[in-house]
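In what follows, a single structure is set out as structure tokens and then discussed.
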Amino acid sequence: MTVSIVVEITVNRTRWRGSIEPRTTLADFLREHLGLTGTHVGCEHGVCGACSILLDGVPVRSCLMYAAQADGCAVTTIEGLSREDGTPGALQDAFCETHALQCGYCTPGMVIAAHALLQENAAPSDGEIREALSGNLCRCTGYVQIVEAVQLAAARKEG
Amino acid sequence: MGSVPDLLGVLATFRYIGKKRRTKEDPRFVTGRGRYVADVALPGLKHVALLSSPHASALIQRLDTRKALALPGVHCVLTGEEFCAATEPLPVGVDAPLVKRWSLARGCVRYAGEWVAAVVADSRALAEDAVEAIEIEYAPTDYVTDPEQALLPGAPLVHPEHGSNVLYRRKFVWGPMEEDFARAQHRLALKLRWARSATVPIETFGVVAQWHPGTGLLDVWASIQMPKFPDQTARALRLPGNAVRVHFDVDVGGSYGVKRGLKHTVLVGYLAKKLGMPVRLIEDRLENMRGGDMHGPDRSFDVQAAFDADGTIRSLKIRALDDVGAYAGRSPLQLGKPVGAIVGPYRIGSVEYEPISVLTHKTAQEAVRGFGQSPTNYAIESTLDAVASYLGMDRIELRRKNLIRREQFPYLIPSGTTYDSGDYHTVLDKALAAADYPRLLQQRDAARKAGRLAGIGISTCLEPSGGNSAFEPLFNPKNETTTWMDSCLVRVDLSGAITGVMNTSTSGQGHETLVATCIAEVLERDPAGIRVVHADSLTALPSNSPVGSRMAIMLGGAAAGAAKKIRAALVRIGAKNLDCGVEEVEYHEGSVRRKSGGRGLSWDQLVEIAHRKFHLLPHGMEPGLQAKFVWEVPTGGMLPTPDGRIQMYPCFSFEAHIVLAEIDPATGQPRLARYTCGHDCGTMINPDIVHGMTYGGIAHGIGAALYEKFAFSDNGQLASQTLMDYLMPSAMEVPSVKIVDHCTPSPLTEFGQKGSGEAGYLGAPAAIASAINDALAPLGAAVHELPMTAPAIWQQIQQAKRRRSCAESSPD
């Protein structure tokens with residue numbers, strides 16, 4: 001009953017080609033086939049946003065897609081936003097500076113959402129930041145220090 | 001408490017404590033390199049999926065697993081018949097031994113969502129396929145979902161063997177309650193309802209277990225925050241404690257009290273041992289919401305207050321009925337914690353408190369942030385607001401009149417707990433100033449003039465901290481727990497690097513930062529270079545878990561205690577090698593030198609002696625350089641008195657919330673326009689961490705006050721099973737929050753710290769409810785039930801309008 005399908009996906013600038021079970025979600029593919037466990041699964045019905053990744057630069061829920069639907073696409077995960085040596089990139093560093101996280105579970109999705117915002121809007125307002133993050137739930141922080149992190153990252157880029 | 005000499009004296013100024021510093025944990029999390037339980041990859045790992053009951057109450061008439069077992073990739077289909085015979089039931093927090101719970105139902109089911117069978121397969125998907133192939137027939141039976149009805153004679157019994165649906169009931173009276181009620185000039189009564197909600201972490205609960213037949217050892221990785229978890233897992237599996245090794249280095253993706261997955265772990269441990277394969281269960285969201293047993297308090301209050309015309313509150317009577325659902329672990333004890341702060345921050349001379357814990361056919365309740373204190377704070381604060389309204393007195397003035405005064409600490413409350421320290425009036429004043437209260441009033445009144453509904457909310461609440469679990473002996477005379485220690489091991493290696501070893505897992509509280517900061521402060525070494533690791537349960541020192549806002553106090557105290565022993569050893573080594581007494585030398589940033597000047601020994605030299613030069617060590621000193629410290633909760637160690645008085649918690653943090661809320665009159669939708677929180681948790685170890693937890697606690701409180709509810713239908717089905725029905729606040733619902741710090745050090749702790757893990761959540765629901773009711777007051781409407789959802793508020797507005805139009809149309 002198990003059939004497989006061949007897909008080719010570029011993940012964090014590395015091309016992957018292989019066969020997978022068609023019902024494999026993109027989140028499971030990233031985590032279990034590629035070992036990219038920074039993408040977290042929170043609700044598996046598209047509400048919490050923890051599994052957010054960039055698909056051709058656009059933030060999407062990797063739990064709501066099949067990996068097969070990403071065939072031919074470029075995916076960026078939280079690991080892809082780090083520096084080459086695995087240390088935090090500029091936005092991630094801003095999250096550390098303002099302590100914009102506690103347990104870290106929603107954090108990859110938050111960073112992805114904030115990254116997508118700053119790509120489109122270099123100097124977002126408080127309201128624009130909150131709106132951009134409103135599809136990602138966090139139970140630790142009350143969002144205050146996350147908003148501060150995005151503001152800091154924007155200000156540093158500006159400076 | 002151990003007998004470590006107080007080498008530090010009073011630390012007037014701190015080097016590292018209280019300073020802005022980045023945390024140790026954040027860099028691995030922002031790069032996606034945490035290691036959560038779902039990231040634990042073992043070769044040959046098998047996956048569990050669960051069959052759950054669709055009925056609130058039913059007999060299992062037929063259960064046939066053969067078709068499921070025959071499917072490819074399926075290794076086992078386990079039912080309650082086998083499992084319950086092979087394992088012990090899970091512990092009950094009160095004296096109710098016949099309220100038995102296992103991970104799987106046997107014979108009957110007691111709530112919709114209860115696990116009936118577990119499938120193990122090569123993948124989660126295959127396991128779910130097999131669950132669908134299990135054949136089962138039920139005969140539905142009578143059920144009860146309303147806690148008041150569950151108390152009535154003739155109500156269907158959730159556990160007939162127990163003989164009643166009452167798990168625990170006792171009426172405590174502390175102080176001259178009858179006299180105070182008789183003498184008071186006024187009395188009032190009100191009813192309040194706190195709905196079932198929970199912290200609902202973004203990571204569901206998960207556990208991985210692996211059995212090693214050669215060594216007879218079960219390895220467990222779990223997203224756990226649970227006191228006595230390894231012991232209880234071993235006991236249920238009929239294994240000795242040293243046959244279960246829980247790995248505390250698993251990052252936990254949020255918990256705030258609820259990650260208690262004992263039933264999950266016993267099930268998975270059993271399967272791993274039975275099959276000889278590593279097995280994992282990661283709850284999906286549905287399993288988590290209806291069968292994860294993580295719902296919080298579900299409580300009705302009947303409160304009576306006795307008070308005088310000048311606002312002096314003399315006495316309270318509180319009846320608290322809590323619906324724990326179909327089974328009970330520690331959940332009934334959530335009625336016990338509030339005993340330690342039953343009068344809130346107020347001078348109230350007597351109290352009657354009647355906690356009632358009742359069973360119904362609903363999902364089982366578990367510990368949630370605050371362990372029952374936040375609902376109680378909501379009841380106390382609502383009562384204060386009702387008294388103010390009754391007397392036509394300002395709510396802030398009423399609080400000022402009744403708050404315990406700074407000079408009255410330490411302050412003994414009627415239920416036997418002494419509050420350590422506080423300066424409530426100053427914190428309230430600072431919060432009012434930061435909120436610009438006169439301007440807030442203008443904003444509210446301007447909004448009202450413009451035809452909108454606007455209100456200001458106030459709450460002044462306590463956060464008992466340093467949990468010592470004294471509610472266990474209070475609620476169960478057979479339980480004589482009087483210690484709730486925590487520990488730390490500090491090592492200095494041959495290179496001179498420092499490692500702190502902690503003994504529980506962490507779910508976002510920043511314990512590695514806490515331990516490093518406390519060690520650094522004592523040893524005067526840079527915390528950046530201090531590594532902190534988590535022991536496993538077989539190498540761990542005796543410790544409990546990060547519950548009850550205790551780790552800053554208990555783990556911080558243990559880390560400091562161990563570091564002080566290291567420091568004392570270095571001083572002794574230094575004095576011996578400088579040929580003088582310990583009183584003649586001083587310790588400075590890791591080196592030891594003569595007070596009179598001259599020769600000294602550096603950190604590296606002292607460490608070298610400790611590790612290599614036994615001939616230079618003081619007589620009787622162990623070589624190497626490490627120290628452990630096991631700390632008992634300050635003020636702990638006592639059993640309750642016969643009338644139920646007890647020192648429940650050692651330290652009391654305080655918070656004053658000021659909220660401006662607006663309500664859309666057309667829809668009832670509330671919006672929090674301004675939010676200020678004055679907060680005093682004594683000395684803050686890391687301000688960013690304290691503030692973060694306080695913001696998060698407020699967000700959680702906003703959810704409990706306005707949105708979140710595990711609603712059940714009349715036929716006992718959980719109606720909010722997904723995050724589309726169970727509404728958690730996003731960045732759009734949580735406003736920008738202003739926190740104002742104040743520091744009243746605790747005299748009981750190493751650095752003057754108190755707890756802050758439940759900060760914000762303990763005062764936010766009360767303050768928001770106060771704001772909503774202030775907004776509705778001009779209409780003569782009020783809501784006394786949480787969550788105050790838009791439809792609930794809208795209904796009150798409509799009813800008030802109808803009352804008004806009736807009054808206008810009827811002639812006097």
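The values are calculated or read from the model by the stated rules, or taken from the named source; none is laboratory data. Computed from a predicted model, the values in this text were never measured in an experiment. Methodologically, a virtual Cβ is constructed for each residue, glycine included, from the backbone with ideal geometry; neighbour enumeration extends over all protein chains shown.
For region A:142-159, the set of residues classified as under 18 Å from the mean Cα position of the chain (by Cα) and within 11 Å of chain B (Cβ to nearest Cβ) consists of A:Tyr143, A:Ile146, A:Val147, A:Ala149, A:Val150, listed by residue number. For region A:52-79, the candidate set comprises residues that are over 21 Å from A:Leu152 (Cβ atoms) and facing chain B (nearest Cβ under 9 Å); within that set, the residue that is farthest from the chain's Cα centre (by Cα) is A:Glu79.
Of B:Ala705, B:Ala731, all but one fail to be crowded, with 21+ Cβ neighbours inside 10 Å, over 30 Å from B:Gly557 (Cα atoms), out of contact with any Ser or Thr (no Cβ under 7 Å at 6 or more places or on another chain) and at pLDDT 95 or above; the exception is B:Ala705.
Could you list, in sequence order, the residues of region B:436-473 that are part of a helix (DSSP H, G or I) and touching a residue at least 60 places away in the same chain (Cβ under 8 Å)?
Scanning region B:436-473 gives B:Tyr437, B:Leu440, B:Gln443, B:Arg444, B:Ala447, B:Arg448, B:Phe471, B:Glu472, B:Pro473.
Of the strands (runs of 3 or more DSSP E) that lie entirely inside region B:474-571, those containing 3 or more residues that are hydrophobic (A, V, I, L, M, F, W, C) span B:486-492, B:498-502.
Residues that are surrounded by fewer than 24 Cβ atoms within 10 Å (Cβ to Cβ) and within 25 Å of the chain's Cα centre (by Cα) occur in region B:789-807; there is at least one. Taking region A:109-141 as the range and being facing chain B (nearest Cβ under 8 Å), closer than 14 Å to A:Ile53 by Cβ and touching a Leu at 6+ places or on another chain (Cβ under 9 Å) as the test, only A:Val111 passes.
Of the residues contained in region A:1-8, one or more are found to be over 18 Å from B:Ala41 (Cβ atoms), buried (at least 19 other Cβ atoms within 10 Å of the Cβ) and touching a residue at least 12 places away in the same chain (Cβ under 8 Å).
Only one entry in B:Gly701, B:Gly668, B:Gly678 is farther than 30 Å from B:Val109 by Cα and either within 19 Å of the chain's Cα centre (by Cα) or of a type in the set (S, T, N, Q) (or both), namely B:Gly701. Taking the criterion of being part of a helix (DSSP H, G or I) and without any contact (Cβ under 8 Å) to a residue 60 or more places away in the chain, the only residue of region B:249-286 that qualifies is B:Thr265.
Which of the following residues is over 21 Å from the mean Cα position of the chain (by Cα) and either over 30 Å from B:Thr694 (Cα atoms) or modelled with pLDDT under 95 (or both): B:Leu275, B:Leu286? Step through it out loud before you land on a result.
Working: B:Leu286 fails: either over 30 Å from B:Thr694 (Cα atoms) or modelled with pLDDT under 95 (or both).
Answer to the selection: B:Leu275.
Just need a number here: residues in region A:17-41 that are at the interface with another protein chain (Cβ under 8 Å from one of its Cβ atoms), without any contact (Cβ under 8 Å) to a residue 24 or more places away in the chain and of a type in the set (Lys, Arg).
Here is the first cut: in region A:17-41, the residues at the interface with another protein chain (Cβ under 8 Å from one of its Cβ atoms) are A:21, A:23, A:31, A:35-41.
In the following step, the residues that additionally are without any contact (Cβ under 8 Å) to a residue 24 or more places away in the chain were identified as A:21, A:31, A:35, A:37, A:41.
Adding the requirement that they be of a type in the set (Lys, Arg) leaves A:31.
Number of matching residues: 1.
Residues considered: A:Ser62, A:Ser52, A:Ser19. Of these, the only one that is in contact with an Asp or Glu (Cβ under 9 Å, 6 or more places away or on another chain) and of a type in the set (Ser, Thr, Tyr) is A:Ser62.
Filtering region B:769-812 to residues that are part of a loop (DSSP other than H, G, I, E, B) and either in contact with a helix residue (DSSP H, G or I) (Cβ under 9 Å, 6 or more places away or on another chain) or among the charged types (D, E, K, R) (or both) leaves B:Gly780, B:Ala781, B:Ala782, B:Val783, B:His784, B:Leu786, B:Pro787, B:Met788, B:Thr789, B:Asp812. Is it the case that region B:646-654 has a residue that's over 23 Å from the mean Cα position of the chain (by Cα) and farther than 30 Å from B:Leu286 by Cα? The answer is no, given that none of the residues of region B:646-654 is over 23 Å from the mean Cα position of the chain (by Cα) and farther than 30 Å from B:Leu286 by Cα.
You will find that of A:Leu34, A:Leu26, A:Leu30, A:Leu55, the residue that is more than 28 Å from B:Ala731 (Cβ to Cβ), surrounded by 15 or more Cβ atoms within 10 Å (Cβ to Cβ) and out of contact with any Pro (no Cβ under 9 Å at 6 or more places or on another chain) is A:Leu34 and no other. Considering (1) touching a Cys at 6+ places or on another chain (Cβ under 8 Å); (2) without any contact (Cβ under 8 Å) to a residue 24 or more places away in the chain; (3) not acidic (Asp, Glu), the lone condition that B:Gly392 does not fulfil carries the number (1).
Would you pick out the residues in region B:526-547 that are within 14 Å of B:Val250 (Cα to Cα) and of a type in the set (Asp, Glu)? Selection gives B:Asp536 alone. Is it fair to say B:Leu316 is hydrophobic (A, V, I, L, M, F, W, C), part of a strand (DSSP E or B) and more than 29 Å from B:Ala112 (Cβ to Cβ)? So B:Leu316 passes the test.
The residues of region B:727-737 that are within 7 Å of another protein chain (Cβ to nearest Cβ), in contact (Cβ under 8 Å) with a residue 12 or more places away in the chain and part of a loop (DSSP other than H, G, I, E, B), listed by number, are B:Met728, B:Val734, B:Ser736.
Residues to consider are B:Val303, B:Val246; find the one that is surrounded by fewer than 24 Cβ atoms within 10 Å (Cβ to Cβ) and either in contact with an Asp or Glu (Cβ under 7 Å, 6 or more places away or on another chain) or not in a loop (DSSP other than H, G, I, E, B) (or both).
Residue meeting the stated conditions: B:Val303.
Which one of these does B:Met724 not meet: (1) within 12 Å of chain A (Cβ to nearest Cβ); (2) farther than 20 Å from B:Ala454 by Cβ; (3) in a loop (DSSP other than H, G, I, E, B); (4) in contact with a strand residue (DSSP E or B) (Cβ under 7 Å, 6 or more places away or on another chain)? So the condition that B:Met724 fails would be (4).
Tell me which residues, restricted to region B:512-555, are of a type outside the set (Ser, Thr, Tyr), touching a Phe, Trp or Tyr at 6+ places or on another chain (Cβ under 7 Å) and crowded, with 23+ Cβ neighbours inside 10 Å. Within region B:512-555, B:Ala520, B:Glu521, B:Pro527, B:Asn544, B:Gly548, B:Met554 meet the criteria.
If I ask for residues that are touching a residue at least 40 places away in the same chain (Cβ under 8 Å) and either under 15 Å from B:Thr145 (Cα atoms) or crowded, with 22+ Cβ neighbours inside 10 Å (or both), which ones from region B:712-726 would you list? Within region B:712-726, B:Phe712, B:Asp714, B:Asn715, B:Gly716, B:Gln717, B:Leu718, B:Tyr726 qualify. You will find that of B:Val258, B:Val303, B:Val246, B:Val266, the residue that is within 28 Å of the chain's Cα centre (by Cα), of a type in the set (Val, Ile, Thr) and within 13 Å of another protein chain (Cβ to nearest Cβ) is B:Val258 and no other.
The single residue among B:Leu555, B:Leu578, B:Leu523, B:Leu538 that is out of contact with any Ser or Thr (no Cβ under 9 Å at 6 or more places or on another chain), more than 14 Å from chain A (Cβ to nearest Cβ), over 26 Å from B:Ile609 (Cα atoms) and modelled with pLDDT of 95 or more turns out to be B:Leu538. Selection over region A:12-38 of residues that are β-branched (Val, Ile, Thr) and either in a helix (DSSP H, G or I) or farther than 16 Å from A:Cys63 by Cβ (or both) gives a count of 1.
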